[in-house]
Number of protein chains: 4
Amino acid sequence: MSSFGQLFRVTTFGESHCKAVGCVIDGCPPGMQLTETDIQPQLTRRRPGQSNLTTPRDEKDQVVIQSGTEFGVTLGTPIGLFVPNQDQRPHDYSETDFFPRPSHADWTYLQKYGVKASSGGGRSSARETIGRVAAGAIAEKYLHTAYGVEIVAFVSSVGPVEMPFIQQMRSGKTDPGFFTLLNEVTRPQVDADAVRCPDASASPAMCQEILRAKEESDSIGGTVTCVIRKVPAGLGEPCFDKLEAKLAHAMLSIPATKGFEIGSGFPGTAMNGSVHNDAFVSRTDEQGQTTLGTTSNYSGGIQGGISNGENIYFRVAFKPPATISQAQNTAKYNGEAGVLAARGRHDPCVVARAVPIVESMAALVVMDAVLIQHSRTMSTSLLPVAEKKNPLMYGI
Amino acid sequence: MSSFGQLFRVTTFGESHCKAVGCVIDGCPPGMQLTETDIQPQLTRRRPGQSNLTTPRDEKDQVVIQSGTEFGVTLGTPIGLFVPNQDQRPHDYSETDFFPRPSHADWTYLQKYGVKASSGGGRSSARETIGRVAAGAIAEKYLHTAYGVEIVAFVSSVGPVEMPFIQQMRSGKTDPGFFTLLNEVTRPQVDADAVRCPDASASPAMCQEILRAKEESDSIGGTVTCVIRKVPAGLGEPCFDKLEAKLAHAMLSIPATKGFEIGSGFPGTAMNGSVHNDAFVSRTDEQGQTTLGTTSNYSGGIQGGISNGENIYFRVAFKPPATISQAQNTAKYNGEAGVLAARGRHDPCVVARAVPIVESMAALVVMDAVLIQHSRTMSTSLLPVAEKKNPLMYGI
Amino acid sequence: MSSFGQLFRVTTFGESHCKAVGCVIDGCPPGMQLTETDIQPQLTRRRPGQSNLTTPRDEKDQVVIQSGTEFGVTLGTPIGLFVPNQDQRPHDYSETDFFPRPSHADWTYLQKYGVKASSGGGRSSARETIGRVAAGAIAEKYLHTAYGVEIVAFVSSVGPVEMPFIQQMRSGKTDPGFFTLLNEVTRPQVDADAVRCPDASASPAMCQEILRAKEESDSIGGTVTCVIRKVPAGLGEPCFDKLEAKLAHAMLSIPATKGFEIGSGFPGTAMNGSVHNDAFVSRTDEQGQTTLGTTSNYSGGIQGGISNGENIYFRVAFKPPATISQAQNTAKYNGEAGVLAARGRHDPCVVARAVPIVESMAALVVMDAVLIQHSRTMSTSLLPVAEKKNPLMYGI
Amino acid sequence: MSSFGQLFRVTTFGESHCKAVGCVIDGCPPGMQLTETDIQPQLTRRRPGQSNLTTPRDEKDQVVIQSGTEFGVTLGTPIGLFVPNQDQRPHDYSETDFFPRPSHADWTYLQKYGVKASSGGGRSSARETIGRVAAGAIAEKYLHTAYGVEIVAFVSSVGPVEMPFIQQMRSGKTDPGFFTLLNEVTRPQVDADAVRCPDASASPAMCQEILRAKEESDSIGGTVTCVIRKVPAGLGEPCFDKLEAKLAHAMLSIPATKGFEIGSGFPGTAMNGSVHNDAFVSRTDEQGQTTLGTTSNYSGGIQGGISNGENIYFRVAFKPPATISQAQNTAKYNGEAGVLAARGRHDPCVVARAVPIVESMAALVVMDAVLIQHSRTMSTSLLPVAEKKNPLMYGI
């Protein structure tokens, strides 16, 4: 359906050529300061037309809060967000409309619903992600205020051009620079790069790869890596709603994604347990409490489906965009073979624009997990401490 | 939580050393023939002790249907399934209990709940998957009866030893043998191999790799690939519950998983759109209806989050098991550094046993999507056909 | 939360003085003709200012469909509905603001959220029901088109003035005129009466009662009875989501409601089973099929939580409105005793305006139950018919 | 479906003649002391055969906790509960089986599922309530431990014999003795009476009424009133999940219920607002904090869908049991008219046995609302206090 989350629940609406897109956010904690200025920056970051590497269309996505706040404070009631579509006219009929676009959703939407948006894209359009990004910004505001959580995503590969840590992970080697990067990378650093890759050694080749695809009227895929810092330990619900399971769900719900890996991911399958296991070590947390940390972090900050307080990091695969500016041999809706002519100008690679979307979906997952864990924490705090008949149950 | 699915909903219960594990399956279609013999085979396939490559423990997991059927027919009411635990005693206290096991869930469960099963494992134990496998077998029974759906998973890599298609996909080449395998592979073929890999060229090296890990008191990871054949087109719910998003969620909820990729996955990010796009072609389906198919299948059978009728295939990454038979430097619950001694004998690699679990979770996802789409299909069928004012909306 | 329904899910947003109120309707069957003209009539029926019996405020509640349809046909995607608030300014500060209004939600909202809308009402305002009524109109459109379902609510009592069937039910007698009315009453008939009571013998005394309350600067309660005709048999989900349980949930979620009874309700508790039992009788349905009906209908069209094809009817109690135009002895937020002065002009009785709200919530419940049952019906239809080993299971 | 609750979620399974009935309780707070002795008493209270007023069958319903606790402490993981059925054989075939029993669920189950339990009753049997009562006992344990919550239900009418407060409420008069009773009544007091009515002036006539029905081979309905004391203020989720809406849902999901009213209920509709409004007054709560209470309690402890800290009380209507020991004119499944002969001995009135079921469902509703509100409370507590730009928002 079009809702995501259990206690922090987002419901989105809107096709590419309808009157408006938007969302309703139910379950935002009351008493939080919130205005449009908390939301707009991420929406602006996802807008197209920000460099010569992306599509030249320009859309003004100005969000307006319709409900759920007063005098800049959340009421705890649903927050309605609303972004009018600039171009509300279904497009003109043309020869290309006889074809379902290859690897697009035109044909599957028709199979599912028996009818589809005349523009084809409909809900599979990237415009649907506006609601997610807006909601994610609100979740982030809470997480940062309450826990100092920081979420930063960046482009880690474009086509075959990868940041070095990927290859190193693949050969079972640790790249200490990568873990330092995860600790330190910021959004301004990411945005300072044309392709949103914070690794100056890899970025130029990535740009090159995108420009090449563009020149060849083709497209290219890539990956986005995301780190979430200062996540409290204890988030994630066994067994089906493990934190990494919800992250995977969230990421694979983003248009054009084909894969998700957490921590050591696919490369980690080639490691031995004796290397891969993250040994525990005593650590002092930000409140000065003694707790446990781990000396390595192949787990990606989650063990048994529950956050352990280390950095959570994961990587998301994006396929080459299906819309390309060259003719394609394919078939019409009626089965007739034919050539789908090239049309318009398009984004040769989506990963740079996907960065804030990945961050937003990550924020939604962590936020929901936080709200659920808050219920448990407070519920147990009201109980008398049980007699500890078996110390094994308490780690003592 | 411990429930999965919206209309076909499974709720599991049980720790490793409690009285029993089991599940309740709500929403099974009424009027389907079902007895324990439909469920037991997959449970037996997930049991340990089936070859010298897995752990030598032997557990008899005999399922009993408690409710929801009469005279071998489902009533449409909840099906209670129940498997008693053989060993219900919490284990004896020992030195090792002062340590949270590295990369296990001991510490995170304690952080989350403030208390944990004395055995440590609790719900993170592989025994929890019994309920999933039993439920999956029921889902599969329906899917096969109604649509002829076939779900077959197999081991595609162990450590660095990979079936060849993986490397080929990584270099942007198509491996026609792989797509033939996806069309034809069967469970008996898979089970005929000691490591459940249907590729005789790769299997011996995989076995070798596992035996090596075993000898070295170590463990090793791997991947499982799964194909779902004859899935009807139209399954999956935009936008958040795309079919691949639910599959990713399901797979990452299996213990020890670290990654998921659908269709071309991570390797596909290096391709160009002009290669990656799956062109349409006219096809005659099993009912003799003319429909569209695709000439390639990099999409993995899903486009825009909706099944297109082609084979759905995906790959799941499993980390090296955290339990190893060698000593580890780590810290105690109280923060004191120390050496966690080796203990017992354990499974050096989980992928072979994971095969039926992957199949079961896949079945649960597809089943739920089928039930949801059935509602839509029947609902629309009761409406008069709307005047088709804009042919673009109907692909005509 | 602010969502209702499982497959036909409505999410509302909006306070009384924010920018807009509205809702998102997810799960509407695709291919249904739908424009604003299908929705506006019920919104207009719930507007205040329609007679001298209701509050003189005049609000223009013009709904606009933002998404989910094209060329007047539903796409199956979320339908965003939006009604701007005319008066968006929080009201001026006054002496009365120091008091939580007795039997209003001011104080409980503050207890729940730690903050409340400055206007007090917030989400507890009747404006929130706009989203429900709009969504209900869409549900009704489907139900009427697919099954000919008719939903008609009417005022059955105002204060102590009751339609005669209520007293008769209370004394265990059948009122045949009541069951005829349930079969035949229409919305135009209901609207033709100033108080929306279709019983000319009771209506004048009801009006009198309301005018008396108005003159005395007081308010008065009442009840609304609703009938749902031509509901297919088989709706409602045992055990927790019995059809009457969902109806009760829906009705008690309407502001100012205090009770719900189905069929014989509270009066039926005084009957003997030999009278109360609804005997079966052979009947020919609208499609000419032989089926069973019942000779009486104390069950109210639902048995064991499942619709039986007879008229569903129920009654809802509305308390006297808490806002009255006379001074009240009460306490301030700070605990200080005082007199809350009278303010403004208000609705002395809400039942007439509640009529379309009751109908709308009934439509939402039945619609969701229909969509869920459609899934089951189609799922079973794809199975081979099981051998009927025990005829008791099939009523043969 | 067969699940109830969002964070404290109960899933029940079991028909009357299957192997076992039971439930899974997900979301119980960890660290709470819990053994079977906390659960058994309420199960025993719901057993038949406790006086000559109820059915003489004797069933031993001994509950066993299968999972979710260790050493008498909850782990926070799902609690599996299991009660074997004594009589697992489907009953013998007889003439009566050709008839769907009037006002039973035989026919509607067949319409819904196309198949039904051969015993007819299936899930509509009162045995299904075992799972609810067991789960309710766990919820109550938490609520009592954490907040001192007390839930007491009692029989308030049998047939036309009512406790006096009902008639007084109907004539708009306050019965101070009733509100004293709500404050003080205990379960031992209730159980001391044969019909579980704590009013010695009404009880003998109620017994008489039941014995009369029994002698006449007939049945009789009645009502159960329930009070929930010491509920914290702030529970209940606007707008659709108001606390009274969830209570109504819960109560109407109990077999044989026909109505629900909260606080002044249906009788309150005849009152004027000036009488019905519950004025505020300063009060000191149990922690010695100054807060607001109300001088009267027509609201029933809930305003705007949110608990206000006063006693919550409501009344539930139960119809006369459909199973009666006299012949009935009705029709067979095949439509043929006939006489359904009397069979066996049955409960002439269910209200006394329903008492613990009403209490249990009330506990489930309050428990879930508590867990949801705990999330909100803790979430807001982690935010800095916002600048109070508009004091109206904070009641200052």
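All of the numbers you see were taken from the coordinates with simple rules; none came from a lab. If you're wondering where the values come from, they're calculated on a predicted model, not measured in any experiment. Glycine also receives a Cβ, built like all others from the backbone with ideal geometry; neighbour counts cover every protein chain displayed.
Check which residues have an amide H placed less than 5 Å from C:Ala233's amide H, if you skip close sequence neighbours.
C:Gly309
Cα gyration tensor of segment C:102-387, axes a ≥ b ≥ c as square roots of the eigenvalues: rounded (a/c below 1.5), prolate (a/b > b/c) or oblate? Provide the component values of the computation, followed by the final result.
Details: a/c = 2.24, a/b = 1.60, b/c = 1.40.
Prolate, because a/c is 1.5 or more and a/b exceeds b/c.
Can you sort B:Glu95, C:Glu36, B:Glu244 from fewest to most other Cβ atoms within 10 Å of each residue's own Cβ?
Working: B:Glu95 12, C:Glu36 16, B:Glu244 31.
Ranking B:Glu95, C:Glu36, B:Glu244 by Cβ neighbours within 10 Å, fewest first, gives B:Glu95, C:Glu36, B:Glu244.
Per residue of A:17-26, what is the mean number of Cβ atoms on other protein chains within 10 angstrom of that residue's Cβ?
6
Got the A:Ser94 label distances to the other copies yet, label 7 Å along Cα→Cβ, in nm, shortest first?
Taking the point 7 Å beyond Cα along Cα→Cβ, the inter-copy spacings are 6.1, 7.2, 7.8 nm.
Beyond a 23 Å Cα-Cα separation, which of these cross-linked pairs lie in this structure: C:Lys112/C:Lys332; B:Lys258/B:Lys332; B:Lys116/D:Lys141; A:Lys116/A:Lys332; B:Lys389/C:Lys230? Display every interim value, and only then the final one.
Numbers: C:Lys112/C:Lys332 18 Å; B:Lys258/B:Lys332 26 Å; B:Lys116/D:Lys141 21 Å; A:Lys116/A:Lys332 16 Å; B:Lys389/C:Lys230 31 Å.
Over 23 Å Cα-Cα: B:Lys258/B:Lys332; B:Lys389/C:Lys230.
Starting from a label point 7 Å past Cα on the Cβ side, list the distances from B:Val339 to the same position in the other copies, nm, shortest first.
Here the equivalent label points are 7.4, 8.7, 9.1 nm apart from this one.
What does the structure give for A:144-154 when I average, per residue, the other chain Cβ atoms found within 10 Å of the residue Cβ?
So the per-residue partner count for this stretch is 1.
In nm, what does the list of distances from B:Thr174 to its counterparts in the other copies look like, shortest first, when each label sits 7 Å along Cα to Cβ?
Counterpart label points of B:Thr174 in the remaining copies fall at 4.4, 7.3, 8.3 nm.
Is it possible to state the helix-based mean residue ellipticity at 222 nm for chain A, with each DSSP H run of 4+ residues giving -39500 (n - 2.57), the sum divided by total residues, to the nearest 500 deg cm²/dmol? What is it?
The helix contribution divided over chain A gives -9000 deg cm²/dmol.
Let's see if you can work this out: charge +1 on each Lys and Arg Cβ, -1 on each Asp and Glu Cβ, no other charges. What is the dipole magnitude of the protein assembly as shown about its Cα centre, in debye to the nearest 20?
My answer is approximately 0 debye.
Quick one: Karplus J couplings for segment C:74-82, per residue in order, coefficients 6.51, -1.76, 1.60, θ = phi - 60°, nearest Hz, x for Gly and Pro?
Listing the rounded values in order: 6, 8, x, 8, x, 9, x, 10, 8 Hz.
GluC sites (Glu not before Pro), restricted to segment A:177-237: which are DSSP loop and have at most 16 other Cβ atoms within 10 Å?
For GluC sites (Glu not before Pro) across segment A:177-237 that sit outside H, G, I, E and B with at most 16 neighbouring Cβ atoms in 10 Å, the list reads A:Glu216.
Compute the Rg/Rh shape ratio of the protein assembly as shown: radius of gyration over Kirkwood radius, all on alpha-carbon atoms.
0.95
Charges on Cβ only, +1 for Lys and Arg, -1 for Asp and Glu, centred on the Cα centroid of segment D:3-387; of D:Phe13, D:Ser360, D:Ser379, which one is farthest towards the dipole's positive end?
Selected residue: D:Phe13.
Segment D:291-396: which GluC sites (Glu not before Pro) are DSSP loop and have at most 15 other beta-carbon atoms within 10 angstrom?
Passing sites in segment D:291-396 are D:Glu336, D:Glu387.
Counting Lys and Arg as +1 and Asp and Glu as -1, each charge on the Cβ, what is the dipole of segment A:3-379 about the Cα centre in debye, to the nearest 20?
Around 440 debye, computed over segment A:3-379.
Per residue of B:30-39, how many C-beta atoms from partner chains lie within 10 Å of its own C-beta, taken as a mean?
Values: counts 12, 13, 7, 4, 1, 0, 0, 0, 0, 0.
Partner Cβ neighbours, averaged per residue: 4.
Pull out a ≥ b ≥ c, the square roots of the eigenvalues of the alpha-carbon gyration tensor of segment A:333-383, then state rounded if a/c is under 1.5, prolate if not and a/b is larger than b/c, and oblate in the remaining case.
On the way: a/c = 9.65, a/b = 2.92, b/c = 3.31.
Oblate is the answer for segment A:333-383, as a/c is 1.5 or above yet b/c matches or exceeds a/b.
Mind checking which helices in chain B clear 20 Å along their axis (Cα) and have mean Kyte-Doolittle hydropathy of -0.5 or more, DSSP H runs only? Before the final figure, lay out each step's value.
Details: long enough: B:129-147 (26 Å, 0.32); B:351-381 (44 Å, 0.89).
Helix filter hits for chain B: B:129-147, B:351-381.
Which whole-number percent is the relative contact order of segment C:102-387 (Cα, under 8 Å, 6+ apart)?
Averaging sequence separation for qualifying contacts and normalising by length gives 26 percent for segment C:102-387.
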